[in-house]
Structures are given as C-alpha cells and as structure tokens.
Amino acid sequence: MLDKIALGGGCHWCTEAVFQSLKGVTEVAQGYVASNAEHTRFSEAVIVHFNPKALPLEVLIDVHLQTHKSTSNHSMRSKYRSAIYTYSEMQHQEALRILQELQAQFALPIITKVMPFKAFKASRDALQNYYYNDPKKPFCERFITPKLNLLLEQFSKHTKTTTLKYLQDESHKT
C-alpha cells in the first residue's frame, strides 16, 4: 500500500531529485504547496508517493531534514518554507513525534513545521525531472549533486543503485 506526504524546504528542483533517488519512492510531484492559517500562500515543495514498508516515514523525514537548511530561518522562507505537509491527523502526529526524536541529531533547533496539506500546483512541464534531464546544468552541479552525494554517504541503504551509477557515470563525462 502506498502513502504520500508533501515536503518543502529548499528549491523544489533539489527536493525532487533527492526523493526521486530513494528506494521505495514511486513518484515525486514537483510544484507548490499551501496549507492553512498564515501558510495559505504557495511555497516550493514536492509530494512524495512512497511505500512505507520499503521506506519508513522516519527515513523520509530524516532525509528531508538533512538535505535542506532545516535549522535556518533565512530571508527566503516564504518561498522555501521548511515544512512537512500531512494528509491525516495520524500522519501529523507521527511527523511531530519523528521531528522530536530527530532533534537530537542537530545542534540548533529544527524550524521545520508540520502542517496540514491543503492545495498543490504543479510546476510547469519544462521544470519536471529537472536534475535527471540535465545534471550538467550549473545549478544542478552546484546545488543538487552535493545533496545526492550526501544522500549516498548518509542514506546509502535507502538510495537507488541507479543513483550511484548515474553520479559515477556523470563524474567521468567531460
């Protein structure tokens, strides 16, 4: 049985590539997510469809926190809201529990908010699968490839072998 959760934190091009690279993820929808109250404005995010037996929610949230500035309240937070958007009250409570447990891994407080998912607008087609369509773009090499390398270092057992092969193949091209 598949589950889904929406995650926002950094550029959705980066976030999309990170979660596309994980075993157990079946689909990543890149775009903009809105929640409720003061968070009704859309912010860059992805919806991750995953098999929780192959990839537990704890791992997804850990990957999310490690691959964006989850302890930094910078000036671009309205565009890059650090958030976990949940689809049920049970998922909401589980995400809060996981964040509390993972806080021990960080020297600074995690600023990531857990909030209900309300709406999604997909990015335009030309931006979908941004990294894997052309990893040699300067943006990809500067921002996304380092995140994928971190993923391979810290979460290798959850990373698709095709991701490792892809990065190795790309590093030998001129």
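The values are calculated or read from the model by the stated rules, or taken from the named source; none is laboratory data. Worth saying up front: this structure is predicted, and the values here are computed from it rather than measured. As a convention, Cβ positions derive from the backbone with ideal geometry for all residues, glycine included, and neighbour counts pool all protein chains shown. Note: accessible area is taken over every heavy atom of the protein model, side chains too, but ligands, DNA and RNA are not part of it. Shrake-Rupley method; radii C 1.70, N 1.55, O 1.52, S 1.80 Å.
So here's what we get for this one:
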quantity: Structure-based [θ]222 nm, the chain - -39500 (n - 2.57) summed over DSSP H runs of at least 4, per residue, nearest 500; calculated: -9500 deg cm²/dmol
quantity: Share of pairwise Cα separations in the range 1-90, more than 23 Å, in percent; calculated: 17 percent
quantity: Charge-dipole axis of the chain as Lys and Arg at +1 and Asp and Glu at -1 on Cβ define it, positive-most pick from 127, 66, 8; calculated: 127
quantity: Highest-MSF residue in the chain out of 113, 137, 121 [GNM, Cα springs under 10 Å]; calculated: 137
quantity: Pairwise Cα inverse-distance average, inverted: Kirkwood Rh of the range 64-136 (Å); calculated: 14.3 Å
quantity: Accessible surface, the chain, averaged per residue in Å² (probe 1.4 Å); calculated: 52 Å²
quantity: Estimated dipole of the range 1-79 in Debye, rounded to 20 [Cβ of Lys and Arg +1, of Asp and Glu -1, Cα centre]; calculated: 120 debye
quantity: Alpha-carbon Rg/Rh ratio, for the range 1-150, with Rh computed the Kirkwood way; calculated: 0.93
quantity: Carbon/sulfur fraction of accessible area - the chain, other protein chains in place, 1.4 Å, %; calculated: 54 percent
quantity: Whichever lysines have a C-alpha closer than 23 Å to that of residue 160, once near sequence neighbours (fewer than 8 apart) are set aside; calculated: 4, 23, 53, 136, 137, 147, 173
